[in-house]
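Here the structure comes first, spelled out in structure tokens, and everything after it is commentary.
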Amino acid sequence: MNTYNLYSQLIKPTWAPPSWLFGPVWTVLYAIIAFSFGTVFYKAFTKQIPWIVALPFVLNLLFNFAFPPIQFRLVNNFLASIDILLVVGTLVWALYAVWHNVPELHWVVYVNIPYLIWGIFATTVQLAITYLNK
């Protein structure tokens, strides 16, 4: 079953976005993530910042990339809800770590505001889907 069909079969809240919106939104977000997270990773690899600052960025990517297989291959709304909470949690941690430890990278926080907003919105949608599809 493809993700469009699975998403369309779920009981969703009335305010859930249509499936066609995810592709364009994630295209923009992944461009932001690639540039900003890439900068953080480069600075960590070149020892310009400590790896502990980059750790939440690594975890965020792992949890972010784990979501589609959990939601659409395992078809497990509960695990997907836990995962998306971890996505948002590690993003908040990452932005906090940069803001408080690397002043020259404050722009990373600003450019990731759309990702944070989408993440919070997507989390509320996922939690509602999990509740509605018990």
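Every number in this text was worked out from the coordinates using simple rules, so none of it is lab data. All of these numbers come straight from a predicted model, not from anything done at the bench. Methodologically, a virtual Cβ is constructed for each residue, glycine included, from the backbone with ideal geometry; neighbour enumeration extends over all protein chains shown.
If I take all pairs of Cα atoms in the chain, what percentage of them are more than 19 Å from each other? Let's see the in-between values first.
Details: 4507 of 8911 pairs.
Everything past 19 Å amounts to 51 percent.
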*What angle do you read, to the nearest 10 degrees and between 0 and 90, between the alpha-carbon axis of helix 77-101 and the longest principal axis of the chain?*
20 degrees
*Give me the lysines in straight-line cross-link reach of K134: C-alpha distance below 24 Å, same-chain residues under 8 apart excluded.*
K12
*Between T14, T90, T27, find the one with the highest GNM mean-square fluctuation for the chain; connect C-alpha pairs within less than 10 Å.*
T14
_Against the empirical 2.2 N^0.38 Å scaling, what ratio does the C-alpha Rg of segment 75-134 come to?_
1.33
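How high is the relative contact order of the chain, given as a whole-number percent (alpha carbon pairs under 8 Å, six or more residues apart)? Mind showing how you got there, number by number?
Numbers: 108 pairs, mean separation 43.3, N = 134.
Here the relative contact order equals 32 percent.
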*For L79, what is the net charge nearby, where nearby means another residue's Cβ is under 15 Å from its Cβ and Lys, Arg count +1, Asp, Glu -1?*
+1
_Just to be sure I understand: with springs between alpha-carbon atoms less than 10 Å apart, which residue in S81, S19, S36 has the highest mean-square fluctuation in the Gaussian network model of the chain?_
S19
